[in-house]
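Below you'll find the structure, written out as structure tokens, and then a few comments.
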Amino acid sequence: MNCISNNDGKNYVKNFGYLKDGTASTVITLKNDQGTEISVSNFGATITSIKTADRNGIFKNIVIGYSNVTPYEKGTPYFGSTIGRFANRIAKGKFTIDNVEYSLPINNGNHHLHGGNKGLDKILWDIEKIDPQQVILKTVSVDGDMGYPGDLTVQVKFSLDSGNNLRIDYQASTNKKTPINFTNHSYFNLSGDFQNQINNHELILNATQYTPIDSEFIPTGELQYVRDTPFDFNKSTIIGKQIIHTPFGFDHNFVLDKELKHELYNDLYRAATLTDPTSGRSLQIYTTEPGLQFYTGNFLNGTLNTENDLPLNRHTALCLETQHFPNSPNEPLFPNTILHPDTIFTSSTIYSFKIN
Ligand code: BGC
């Protein structure tokens, strides 16, 4: 593919290498006047890099990512990918719709995780539209794909505005009832140095409840108050102070309180604020989603490396995955995740990058 240039001559559409079957993949870089740069590949609709300034104007990439498709095709723990058809776990890979039981591939202990072993993160999406500030990717997951019913059309739009807001808009439609749950699985370290643990980062989660889980990470179905527990991040809290009270780190879904609206995009509510006091970088997350999985990179164990060949160890990056609750298709009291043929699903999340 020819490269297209934006005003400063920087190529914003580039070849991202070839899949095993020889198909070319693409990476698109969005850039704004503040110098923020966000790269998205059509392989897995994946965010491969987010470069933002610290308080001294030094730009660094603050997400785990690679500059070529090969490691993504081999498989990563979902670095930066769009997750679907169903983000998070479905217990035993089973659910029932209108008395028909569906079985999905088991790819995480006894359960189905993140849409299966060839979910939306492992396919090449069609590029619908590109300009310097936005990219729209689209795919059709056919009836029976990874065991899910219905032909599901999914569109994801990534747009970067001049106020350093990266907005991700999801849209989906189906021709049969089917469960859906989309998220972006970026692993952040706001220092831009993935040799540092994220323990010194400060976090606010606008959540007074969370969904407790069993030993296999499946929600028990209850909602529990976070007050007086290590899950209380309602006030800015140093992650390291709380992580020591958990066996392995955080890997839990929080029930978001919908209070603070985004000043421009006021259909979205503030879910989280993450700050690195050392670099001054801060990330605010707004969403229309009811939940957020806070995952502290517990399964990073040094076997995968950064782009510069440095080992990625436990707790060196974290994910803040806006989503519906895990195992919702089997929990009638959780917010509904079944998409009907006569409706169009929409969902939006903003990552707003600030400097403190
Ligand atoms: C899950 C973790 C999982 C990780 C990477 C997260 O969304 O909550 O349990 O290990 O994704 O696969």
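Listing for the model above:
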| quantity | calculated |
| --- | --- |
| Qualifying residues in the range 77-94 (those that are open to solvent by less than 10 Å² (accessible area, probe 1.4 Å) and within 20 Å of residue 212 (Cα to Cα)) - the one farthest from the ligand (Cβ to nearest atom) | 93 |
| Output for the range 313-324, where each listed residue is within 12 Å of the ligand (Cβ to nearest atom) and either assigned to a loop (DSSP other than H, G, I, E, B) or surrounded by fewer than 23 Cβ atoms within 10 Å (Cβ to Cβ) (or both) | 314, 317 |
| Unique match (being open to solvent by 10 Å² or more (accessible area, probe 1.4 Å), within 15 Å of the ligand (Cβ to nearest atom) and over 24 Å from residue 204 (Cβ atoms)) among 301, 330, 336, 305 | 301 |
| Residue list for the range 230-260, restricted to those being open to solvent by 50 Å² or more (accessible area, probe 1.4 Å) and at pLDDT 95 or above | 234, 235, 236, 238, 241, 244, 245 |
| Criterion violated by residue 63 - all others in (1) within 30 Å of residue 147 (Cα to Cα); (2) surrounded by 20 or more Cβ atoms within 10 Å (Cβ to Cβ) satisfied | (1) |
| Any hit, the range 339-346, residues being of a type outside the set (Val, Ile, Thr), within 16 Å of the ligand (Cβ to nearest atom) and touching a residue at least 60 places away in the same chain (Cβ under 8 Å) | no |
| Residue list for the range 130-172, restricted to those being small (Gly, Ala, Ser) and either more than 20 Å from the chain's Cα centre (by Cα) or under 15 Å from residue 351 (Cα atoms) (or both) | 144, 147, 150, 159, 162, 163 |
| Output for the range 95-113, where each listed residue is under 21 Å from residue 74 (Cα atoms) and open to solvent by 10 Å² or more (accessible area, probe 1.4 Å) | 105, 106, 107, 108, 109, 113 |
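The values are calculated or read from the model by the stated rules, or taken from the named source; none is laboratory data. Given the structure is predicted, the values throughout are model-derived calculations rather than measurements. Using ideal geometry, Cβ is built from the backbone for each residue, glycine included, and neighbour counts are taken over all protein chains shown. When the accessible area is computed, the model is the full protein with side chains, heavy atoms only, and any ligands, DNA or RNA have been set aside. Shrake-Rupley method; radii C 1.70, N 1.55, O 1.52, S 1.80 Å.
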